Amino acid sequence: MNASEFRRRGKEMVDYMANYMEGIEGRQVYPDVEPGYLRPLIPAAAPQEPDTFEDIINDVEKIIMPGVTHWHSPYFFAYFPTASSYPAMLADMLCGAIGCIGFSWAASPACTELETVMMDWLGKMLELPKAFLNEKAGEGGGVIQGSASEATLVALLAARTKVIHRLQAASPELTQAAIMEKLVAYSSDQMVATLGTTTCCSFDNLLEVGPIWLITDYRHWQIPLGRRFRSLKMWFVFRMYGVKGLQAYIRKHVQLSHEFESLVRQDPRFEICVEVILGLVCFRLKGSNKVNEALLQRINSAKKIHLVPCHLRDKFVLRFAICSRTVESAHVQRAWEHIKELAADVLRAERE
């Protein structure tokens with residue numbers, strides 16, 4: 001592909017992407033495929049000759065899209081929001097063209113310096129103390145991580161290093177090995193529980209995969225939260241539309257999550273399990289875990305909306321997360337009507 005064809009195909013790809021985003025509400029949010037569906041649809045080995053661009057796009061629609069969970073669908077209420085906007089997509093294209101790996105200042109000065117300035121912007125928006133900023137009065141504003149597990153790992157490593165240095169300064173006779181033997185990791189007993197089952201064990205997993213270099217004796221003390229779990233917080237996915245854009249995004253998610261909470265509270269069959277967190281409502285049918293597991297199974301089998309569960313101590317809980325930037329009140333209303341219909345079916349089946 002030369003530059004001329006790249007220009008032409010690039011325009012076609014932008015059209016495809018825009019059409020996908022504009023029509024995403026009409027796509028089934030959760031795929032209707034079984035594990036292993038893809039293998040018989042593509043060659044067993046890499047082809048000797050490249051496919052045409054048209055054949056590739058056709059395969060995307062025919063083979064890939066049927067197996068895609070559409071995270072940007074307004075009926076996707078699972079896990080957490082992911083960054084998606086037309087400006088972000090254009091930025092990804094530019095990043096792909098530049099292709100720098102910014103692992104140090106020398107590797108790409110602009111990459112490093114832009115990140116530090118942007119982190120200061122974020123810190124100021126959150127009204128963090130100046131000590132958290134990269135400016136002269138601060139000690140550094142941190143770095144951008146790619147996932148919750150990475151952020152947890154970096155936080156653990158930073159905390160471990162700080163404690164080791166502090167104890168070595170206070171007691172020079174202590175070796176690093178002696179200090180490591182006494183380290184303990186603390187977390188709440190609901191660490192990342194509201195993020196869903198895929199990541200709720202990330203803290204324990206990090207301690208298990210590296211007990212020698214992280215915490216030698218793998219001591220992990222869990223601090224119990226109160227009955228209403230008021231200390232739970234959700235990790236915010238920031239889409240940098242500018243301050244006004246971010247404020248509008250947060251207001252919308254807060255409004256829609258409280259709207260869903262109000263709908264749940266109006267139905268005596270349901271209960272709210274956690275004080276509502278930004279963009280997230282944890283709720284369940286009053287009754288057994290089995291009933292709630294059956295409800296979630298029906299919701300995801302119907303594939304009209306997509307939810308995931310979490311466990312709050314001994315309770316199986318459904319999570320309703322406002323994720324898509326295109327979700328509106330009408331989508332929330334339709335989702336709730338659908339949930340109520342399926343809940344009635346579940347309760348009827350239980351009685352029978």
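The values are calculated or read from the model by the stated rules, or taken from the named source; none is laboratory data. Note that the structure is a prediction, hence the values are computed from the model and not measured. Here Cβ is always computed from backbone atoms with ideal geometry, including for glycine, and neighbour counts include all displayed protein chains. Surface accessibility is based on the protein's heavy atoms, side chains included, excluding ligands, DNA and RNA. Shrake-Rupley method; radii C 1.70, N 1.55, O 1.52, S 1.80 Å.
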Using the Kirkwood formula on alpha carbons, the hydrodynamic radius of the range 267-340 in angstrom works out to 12.8
SASA check, residue 71, accessible area w/ 1.4 Å probe, all protein chains in place, rounded to nearest 10 Å², comes out at 80
Taking alpha-carbon centroids only, the range 168-185 lies from the range 56-82 a number of Å equal to 49
A 1.4 Å probe over the protein heavy atoms gives the range 1-159 a carbon and sulfur accessible-area percentage of 62
SASA check, residue 86, accessible area w/ 1.4 Å probe, all protein chains in place, rounded to nearest 10 Å², comes out at 100
Expressed in nanometres to one decimal, the distance between label points 7 Å along Cα→Cβ at residue 347 and residue 108 is 5.5
Beyond 19 Å (Cα-Cα) in this structure, taken from 130/252; 62/304; 290/315; 252/304, we find 130/252; 62/304; 252/304
For residue 160 the rounded accessible area (nearest 10 Å², probe 1.4 Å, non-protein molecules ignored) is 50
Taking only protein heavy atoms and a 1.4 Å probe, the highest-to-lowest accessible-area order of 316, 6, 80 is 6, 80, 316
In whole angstrom, the spacing between the Cα centers of the range 264-331 and the range 91-131 equals 36
Taking a probe of 1.4 Å and leaving out DNA, RNA and ligands, the range 46-165 shows per residue an accessible area in Å² of 65
From most to least accessible, 1.4 Å probe, no ligand or DNA/RNA atoms counted, 262, 85 line up as 262, 85
Hull surface over four for the Cα convex hull of the range 1-115, reported in nm², is 10.5
Using the Cα gyration tensor of the range 77-181, the equivalent ellipsoid's semi-axes, largest first and to the nearest Å, work out to 33, 18, 16
Sorting 173, 271, 25 on solvent-accessible surface, 1.4 Å probe, most exposed first, gives 173, 25, 271
